[in-house]
1. Take the residues in region 323-338 that are open to solvent by less than 10 Å² (accessible area, probe 1.4 Å) and over 20 Å from THR39 (Cα atoms); name whichever of them is modelled with the highest pLDDT.
2. Looking at VAL395, VAL439, which one is under 27 Å from SER489 (Cα atoms), of a type in the set (Val, Ile, Thr), touching a Leu at 6+ places or on another chain (Cβ under 9 Å) and at pLDDT below 95?
3. Which of the residues that make up region 143-171 are β-branched (Val, Ile, Thr) and either closer than 30 Å to ARG34 by Cβ or part of a loop (DSSP other than H, G, I, E, B) (or both)?
4. Is there a residue in region 638-655 that is on the phi < 0 side of the Ramachandran plot, open to solvent by 10 Å² or more (accessible area, probe 1.4 Å), touching a Pro at 6+ places or on another chain (Cβ under 6 Å) and modelled with pLDDT of 90 or more?
5. Mind counting the residues in region 155-177 that are aliphatic (A, V, I, L, M) and open to solvent by less than 20 Å² (accessible area, probe 1.4 Å)?
6. When you look at ARG58, is it more than 30 Å from the chain's Cα centre (by Cα) and of a type in the set (Lys, Arg), yes or no?
7. Residue under question is ASP180, and the condition is that it be without any contact (Cβ under 8 Å) to a residue 24 or more places away in the chain, surrounded by fewer than 17 Cβ atoms within 10 Å (Cβ to Cβ) and within 26 Å of TYR793 (Cα to Cα); does it hold?
Amino acid sequence: MIAAEQGNLPAPFTGFVGRHREFDEIRRLLDTRRLVTLTGMGGVGKTRLALEVSATVRTAFPDGVWLVDLAPVSGPSAVAAVASSALRVPDLGALPALDRLAGYLAERRALLVLDNCEHLIDSCAELATTLLAAAPELRILATSRHTLDVRGEQVFALTPLPEDEAVELLRDRATAVRPDFRADEADRPGLARLCADLDGLPLAIELAASRLRTLTVGQLTDRLENRFALLTGGSRTGPAHHRTLRGVIDWSHELCTPAERLLWDRLTVFAGGFSLEAAEVVCSGDGIAEAEVLDLLDRLVAQSVVLTYERDGLPRYRLLSTIREYGRERLAESGEQDELRCRHRDFFLALARDVDRTWYGPGQAEKLARLRAEHTNLLAALDHDGDPRPRFALVAALCWHWCTGGFLSEGRRQFERALATSAEPSHERARALLSAVWVAQTQGDLATADRWLDEADALGASLDDPWVRNQASGLRGVSAHYRGRPDESICRYERARTTATALGDEREAASWLLALAGVQAYADDPRAAETGGRVITAAEASGERWGRAQVQMALGHHAWDRGDRERTEALVRAALENMRGFHDHAMLARMLELLAWAAAAGGTPERAARLLGAADARWRDAGSSIAAFGPQLAEQHARCERALIDALGEAPYAKAFAEGGAHSTPCQAVGFALTTAGTDGSTEPGADAPTALAEPGHQGPGPGTLRFGDVVYCPASLEVYRDEQRVHLTTTELKLWREFVASPGRVLTREVLLERVWDIAWAGDTHVVDVQVMRLRTKVGRERIETVRGFGYKLRG
């Protein structure tokens, strides 16, 4: 009888660490499902988790819990025989092994653990189907890098360890090989960084721990660039393909079809994530038809080689660092790397050019969101060596991404790097210089803008390019405006618009009309209302929002200069509504400044001070200041600030100013500015953002608080209490906390937090998020913010 044996599970040599949620969920599934398959990439811990769960449910299976290790099995026909042997089924009679096994299990209640099914999928699927049909009390727990795809299968996808559990595993295994290994809370960021660099893979962490016999955590982290040579020396008794990190990935690579391997290798050309469209265009050809990419990608996802995630409502894909590095080695060996990098650059050049060409129309915020999602790919494309002209073309076509997408300083760096690569005259260099001028002007660096304009103008003359010369002349008008010479600016804009129309460039003609409307408004030109009205009417008809907001802001200045405070506020609020979804820090800062002036004049000094603080945060993120946009605006800012200090006092002004600066992202700043303010400057009920911190001496949380276990948060005062004691959070920690509070119970990925809190797109390294969340958790309680499957965090109630 099998019952007498109670199974053949091996005794573990090491302690089981983490996976508490997964452990409980798999146990629950085994109560209700007859076939549960744990999937995930190699080294993620499928076997160990399956054995741990199986060991704890022994009593529920009186006829035993049986491990069938399929790793050493090479022939599909041997699967049933190996399973029979594992269960010690008597080899009697002439029946096939599968039939004997089915008959033996027919009346028994047992659990079968089929381990390492991925290279024998069809045979394992047949085995599971036959046995489950013959034995109604049988349960099967399978581990595989690929699903069995049989009826009734419950798939449980196992992901890398979350940070806390990864660090705990590293500590446990490091202590086993080096008993004097110690790591306190101060060492935690280093341990977390090492685990993140290892993608949270248990096998990689265990292999790394063995290196801590002789290396420090910092030394080990620094050497991970060559991880496949470094992470060797696993258990001699373990499966051969689990003794080194390379062995694990080799095994996964060999299980793929030739076309799947080819796509895997080619996908490594992407930096960070990628879209389906990008994969189809960049990775097709020479062995992969474009129409095949979707199916191949889906198969790589099913094999846990490619991971999926969502950004701005769009599905995207990514590779773990370990998978990417392995594929890049193969790609380099294939000789395709240079060609793939060219195709990668050309794809993103076409994307940037399409955004530039269609900018003045609907969907501007969505276009910027797409570029923001591809930020790391854009930077990688700009790093491509070779002919400098495509690089000039790409950096110039990304002008909207740099200036209105929230990457002004990054744009400046990229222009300087590109322009330094080659001084050879070309139309592409001339256009890159013109786009660089816009960045420098927005930053208030008019001297550099003049220098680049001189070079662009000279190139336009030598290349006989009237478009370049016209743009240079128009951009000199921008500098004239910012230097306080609006009449010169108006003349240059009018001439630039007329010439652009003559050259057949209606897009640039519309752009110069927009600029003309703005400068007329700032100059109190009587034609401002008529010109601005034309721009706004055209923008409303086309669905364009960014230019419309710019003109509404300019007309708000015009109303301000004429003493019409109410119209100023109405126009700025309309402009801010149109700016939702944009990351144009400098433009938002100008709107917030103007609204602050109106609030001060309207008798709400505290709100005005907060608006100035919110504007200051945007100026800092833009790397610019109000002075960049002309002496008149700088003088008005100074007058407003002096008036507010006189009205409030220096300390209350500084306090309110700091509160405004706590609205750290464009979305938060716009939401705050659009709240309806009462006469005392406080926010009315239902407002989107807090406006007043608690007064000194405030004791405990007041009304309108939110409770999360032992943590209480007061949105009105931005105060956090734990066990009735005030928790002091840094500015960054408070920003993180507010994001969690806004989405309780919802998983926020590291990429989302990086964008919302730091206002930057994912650049392949989310270490800063992990470190800051770890610090926040030490203050509000580790159990309060849960790490979810290694991809992000969520606030628990």
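1. If we filter region 323-338 for residues that are open to solvent by less than 10 Å² (accessible area, probe 1.4 Å), which is where we start, we get 323, 326-327, 331.
Applying the additional criterion that residues be over 20 Å from THR39 (Cα atoms) yields 326-327, 331.
On the way: TYR326: 84, GLY327: 89, LEU331: 92.
Among those residues, the one meeting the criterion is LEU331.
2. Details: VAL395 fails: at pLDDT below 95.
Testing whether each residue is under 27 Å from SER489 (Cα atoms), of a type in the set (Val, Ile, Thr), touching a Leu at 6+ places or on another chain (Cβ under 9 Å) and at pLDDT below 95 leaves just VAL439.
3. Taking region 143-171 as the starting set, the residues that turn out to be β-branched (Val, Ile, Thr) are 143, 147, 150, 155, 159, 167.
Matches in region 143-171: THR143, THR147, VAL150, VAL155, THR159.
4. Our first condition is that a residue be on the phi < 0 side of the Ramachandran plot; within region 638-655, this holds for 638-648, 650-655.
With the extra rule that they be open to solvent by 10 Å² or more (accessible area, probe 1.4 Å), the set shrinks to 638-639, 641-643, 645-648, 650-655.
Narrowing further to those that are touching a Pro at 6+ places or on another chain (Cβ under 6 Å): 647-648.
From the residues that got through so far, the ones that are modelled with pLDDT of 90 or more too are 647-648.
Yes; the residues of region 638-655 include at least one that is on the phi < 0 side of the Ramachandran plot, open to solvent by 10 Å² or more (accessible area, probe 1.4 Å), touching a Pro at 6+ places or on another chain (Cβ under 6 Å) and modelled with pLDDT of 90 or more.
5. At the first step, the residues of region 155-177 found to be aliphatic (A, V, I, L, M) are 155, 157-158, 161, 166-167, 169-170, 174, 176-177.
Applying the additional criterion that residues be open to solvent by less than 20 Å² (accessible area, probe 1.4 Å) yields 158, 161, 166-167, 169-170, 174.
Adding up the residues that qualify gives 7.
6. On the way: more than 30 Å from the chain's Cα centre (by Cα): yes; of a type in the set (Lys, Arg): yes.
So ARG58 passes the test.
7. Numbers: without any contact (Cβ under 8 Å) to a residue 24 or more places away in the chain: yes; surrounded by fewer than 17 Cβ atoms within 10 Å (Cβ to Cβ): yes; within 26 Å of TYR793 (Cα to Cα): no.
So ASP180 does not fit the description; no.
Okay, residues lined up against (1) more than 28 Å from ARG48 (Cβ to Cβ); (2) aromatic (Phe, Trp, Tyr); (3) not in a helix (DSSP H, G or I):
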residue: ASP91; (1), (2), (3): yes, no, yes
residue: LEU95; (1), (2), (3): yes, no, yes
residue: LEU101; (1), (2), (3): no, no, no
residue: ARG109; (1), (2), (3): no, no, yes
residue: VAL113; (1), (2), (3): no, no, yes
residue: LEU120; (1), (2), (3): no, no, no
residue: GLU126; (1), (2), (3): no, no, no
residue: THR129; (1), (2), (3): no, no, no
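The values are calculated or read from the model by the stated rules, or taken from the named source; none is laboratory data. Only a predicted model underlies this, so the values are computations on that prediction, with no experimental measurement involved. Backbone-built Cβ (ideal geometry, glycine too); neighbour counts: all protein chains shown. Accessible surface is based on the protein model in full, side chains and every heavy atom, while ligands, DNA and RNA are left aside. Shrake-Rupley method; radii C 1.70, N 1.55, O 1.52, S 1.80 Å.
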